[in-house]
1. When the residues of region 68-100 are filtered to those that are of a type in the set (Gly, Ala, Ser) and over 22 Å from Met24 (Cα atoms), which remaining residue is farthest from the chain's Cα centre (by Cα)?
2. Write out, first by first residue and then by second, each pair whose Cβ atoms fall under 8 Å of each other, whose residues are 6+ apart or on separate chains, and whose first residue, in region 62-76, is farther than 17 Å from Ile42 by Cα while the second is modelled with pLDDT of 95 or more and in a helix (DSSP H, G or I).
3. Could you please tell me which pairs satisfy a Cβ distance under 9 Å, a separation of 6+ or placement on different chains, a first residue in region 47-60 that is closer than 10 Å to Ser86 by Cβ and of a type outside the set (Ser, Thr, Tyr), and a second residue that is more than 13 Å from ligand 1 (Cβ to nearest atom) and assigned to a loop (DSSP other than H, G, I, E, B)?
4. Which members of region 27-46 meet the condition of being in contact with a Ser or Thr (Cβ under 9 Å, 6 or more places away or on another chain), within 14 Å of ligand 2 (Cβ to nearest atom) and within 19 Å of Tyr80 (Cα to Cα)?
5. Could you grab the pairs with beta carbons closer than 8 Å, sequence gap of 6+ or different chains, first residue in region 22-35 and in contact (Cβ under 8 Å) with a residue 40 or more places away in the chain, second one of a type in the set (Asp, Glu)?
6. State yes or no: is Gly53 under 30 Å from Ser118 (Cβ atoms) and more than 10 Å from the chain's Cα centre (by Cα)?
7. What tally of residues in region 56-65 results from selecting those that are away from ligand 2 (no atom under 16 Å from the Cβ) and open to solvent by less than 70 Å² (accessible area, probe 1.4 Å)?
8. Looking at the structure I just gave you, is Ala70 crowded, with 16+ Cβ neighbours inside 10 Å and within 16 Å of ligand 2 (Cβ to nearest atom)?
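The values are calculated or read from the model by the stated rules, or taken from the named source; none is laboratory data. Computed from a predicted structure; not experimentally measured. FYI the Cβ positions are ideal-geometry reconstructions off the backbone, even for glycines, and counts take in every protein chain you see. Calculation scope for accessible area: heavy atoms of the full protein, side chains included, ligands and nucleic acids excluded. Shrake-Rupley method; radii C 1.70, N 1.55, O 1.52, S 1.80 Å.
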Amino acid sequence: MSECIFCMVANREIPSKVVFEDEMVLAFDDIAPQGPVHTLIIPKDHYADLGDGVPTELFGRLMDTVVRVAEIKGIDTSGYRVIINSGRDASQTVNHLHVHVIGGRQMSHGMVNFAENS
Ligand code: AMP
Ligand code: ZN
């Protein structure tokens, strides 16, 4: 049994709403969506964050999957925001690399909110 929650999702040890998968990645809906569409894409293998020796091919596959998820979710023409929180200052909470795909509603232009006490 894995200790990492997204390894557990990848291994189907805990349930998720799967949107897409292939041999390298799994896309599933976020449990606490921040928009009408909020899907996460993870590598099936464990990498803690962007700096954890991720192979170039996997980076490509993750981005291919972003485009695919947007099509599946019907937000490819309306647009969407892609977010990767990597490390402490980005407030990454799950230490298994994941890509957020968020859309389905107009967003404001600002992207970054700093913590008030930082
Ligand atoms: P981050 O803050 O970038 O690490 O994002 C972690 C995301 O994972 C948050 O948006 C959570 O709502 C989401 N999350 C945590 N546990 C689960 C889960 N079991 N299934 C789906 N999404 C999850
Ligand atoms: Zn993991």
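1. Taking region 68-100 as the starting set, the residues that turn out to be of a type in the set (Gly, Ala, Ser) are 70, 74, 78-79, 86-87, 90-91.
In the following step, the residues that additionally are over 22 Å from Met24 (Cα atoms) were identified as 74, 78-79, 87, 90-91.
Numbers: Gly74: 17, Ser78: 19, Gly79: 16, Gly87: 14, Ala90: 14, Ser91: 14 Å.
Selected residue: Ser78.
2. Short answer, once both residue conditions are applied: Asp76/Val67; Asp76/Ala70.
3. From region 47-60, the pairs are Asp52/His46.
4. Narrowing region 27-46 to residues in contact with a Ser or Thr (Cβ under 9 Å, 6 or more places away or on another chain): 27-31, 33, 40-41, 46.
Checking the rest, the ones that are also within 14 Å of ligand 2 (Cβ to nearest atom) come to 28, 40-41, 46.
Listed by number, the residues that qualify are Phe28, Leu40, Ile41.
5. Close Cβ pairs (under 8 Å, with a partner that is of a type in the set (Asp, Glu)) amount to Ala27/Glu21.
6. Values: under 30 Å from Ser118 (Cβ atoms): yes; more than 10 Å from the chain's Cα centre (by Cα): yes.
So Gly53 fits the description; yes.
7. 3
8. Values: crowded, with 16+ Cβ neighbours inside 10 Å: yes; within 16 Å of ligand 2 (Cβ to nearest atom): no.
No; evaluated as a whole, the condition is false for this residue.
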